[in-house]
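Just so you know, all these numbers are worked out from the coordinates, no wet-lab data involved. Computed from a predicted model, the values in this text were never measured in an experiment. Cβ coordinates were reconstructed from backbone atoms using ideal geometry, including for glycine residues, and neighbour counts include every protein chain displayed.
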Amino acid sequence: MTDPDFNAKRPSRMKPIIWTIVLLAAGYGGWKWWQGRGSGEVTTTGPVGRGPVGPTAVSVAEVREMDFEEWSTVSGTFTPLDVVTVRSRVDGQLMKVNFTEGSTVKEGDLLAEIDPRPYQVQLDQAIGQEARNQALLQNARADLVRYETLLKQDSIAKQQVDAQTSLVMQYEAAIAADAASIAAAKLQLEFTKVTAPLTGRVGLRQVDPGNQIRASDAAGLVTITRMDPMGLIFAVPQELVPSLIVNLNAKTPVPVEALAADQRTVLAGGKLQTSDNQIDTASGTLRLRAVFPNPDGTLFPNQFVNVRLRVSVAPKSLVVPASAVQESSRGRFVYLANPDGTVTFRKIESGPTFREMTRVLSGVQLGDKVITAGTDRLRDGAKIEVIQPDAEPAAATGKPTRKEK
């Protein structure tokens, strides 16, 4: 006879064993799924395990040869080549201001006028003094002629002739001094008209008409900044200095670009002009200056920008699209498309990236076809189907979207 208590307890004893088997099976299945996911298999099995679905669709591009430009990106500040604080050269009352704040003026334009009347009076006085001395000189010369005639007749002493000769020379010296006084007075009068010393943009005026101004005023009347061309000051690491100095010494143009905050939009293009004469020991950098054409005045002094300059050019370099270069724990690599429809894993040594093209130092050959899209589930020897070869790389057109190392 069966014990009812035994039958009632039997299922409860089996439950832990059943649940243990279920958990082990689930764990083993999850582990196998994770292993398959991490192995990068190119094929998958169908719902009933009937084998691979098919080759992976990919895009390819050929390894090309080109003169590869290596560029470096740093930060810099636009600095005008010339900044002048316009000051009055004479003291007086400011009568008139002839410029509009923020406008562009040309060299020699009249900026302001100072009361000229005191300086006109000084000029008139100098002219009058010269006229007086001219009259005295004429009279002294006439007396000298008469004295010389009397001396020949032995009617007067030679000492009197010598004294008259000295007097003539004094008046001649006085007239020379009068000429200098007239020139100085004319110059002072000319200085009452303040003109622009250079072509540039004027800032905000510091003094209003009617005020008394002096030549010693530190603030001056206004500041003029040369806007075209515009300078750009930036610093580069000392490792880049040798190649840049070689180009400067050889007068080889080194292109420089000013970039917006996104480091992709080019604000303006210029050329490297010169360098400082020593490396900053604190930062290990060398200050450089580039010059940018600025005819429309869109570049402003003290404007902070990102700076991209060409460091060197490597002729006949092998390059591949940047999208073809993959990274793993083993380093950088590419997948090569084989003629039989399979791929080969190839480890490479790569250089910098520019204009969406990466320079390859070793690992590929000219004409090799690299996978540029569809690499997510590839592995060495996987089957592929080329759907759409990449179009001609943007770098060949000379107007690409650029990418820095």
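Descriptive notes on the structure:
- About its Cα centre, region 116-191 has a charge dipole of approximately 80 debye under the convention of +1 per Lys or Arg Cβ and -1 per Asp or Glu Cβ, with nothing else charged.
- Per-pair calculated FRET efficiency, R0 = 56 Å: Asp115 and Arg146 via Cβ, rounded to 0.05: 0.70
- Shown is the FRET efficiency for Asp340 and Asp82, computed with R0 = 60 Å from the Cβ-Cβ distance and rounded to the nearest 0.05: 0.30.
- Placing unit charges on the Cβ atoms of the charged side chains and taking the dipole of region 108-192 about its Cα centre, the candidate lying farthest along the positive direction among Ile156, Leu111, Leu123 is Ile156.
- As a proxy for reagent exposure, ranking Thr281, Thr104 by other Cβ atoms within 10 Å from fewest up yields Thr281, Thr104.
- Neighbours of Arg330, meaning other residues whose beta-carbon lies under 15 angstrom from its beta-carbon, give a summed charge of +1 when Lys and Arg score +1 and Asp and Glu score -1.
- Neighbourhood net charge (11 Å Cβ-Cβ; Lys/Arg +1, Asp/Glu -1) for Val256: +3
- For Asp67, the shell of other residues with beta-carbons less than 13 Å away shows a net charge of +2, using +1 for Lys and Arg and -1 for Asp and Glu.
- Ranking of Asp154, Asp109 by count of other Cβ atoms within 10 Å, fewest first: Asp154, Asp109
- Distance between region 180-246 and region 110-132 - C-alpha centres, whole angstrom: 27 Å
- Region 354-377 and region 304-334: distance between their alpha carbon centers, rounded to Å: 10 Å
- Relative contact order (percent, whole number), region 116-191, Cα cutoff 8 Å, 6+ residue spacing: 53 percent
- Projected label distance in nm at Arg332 and Ala373, using a 7 Å step from Cα toward the beta-carbon: 2.2 nm
- Counted by neighbouring Cβ atoms within 10 Å, the residues Ser243, Ser155 run from fewest to most as Ser155, Ser243.
- For region 116-191, the square roots of the Cα gyration tensor eigenvalues, ordered a ≥ b ≥ c, give a/c of at least 1.5 with a/b greater than b/c, which places it in the prolate category.
- Other-chain or far-sequence residues with amide H under 5 Å of Thr199's (modelled H): Glu107
- In nm, spacing of pseudo-spin labels at Glu349 and Met169 (7 Å Cα→C-beta vector): 8.9 nm
- Working from the Cα coordinates of region 169-214, the gyration tensor eigenvalues give, after taking √(5λ), semi-axes of 37, 14, 6 Å in decreasing order.
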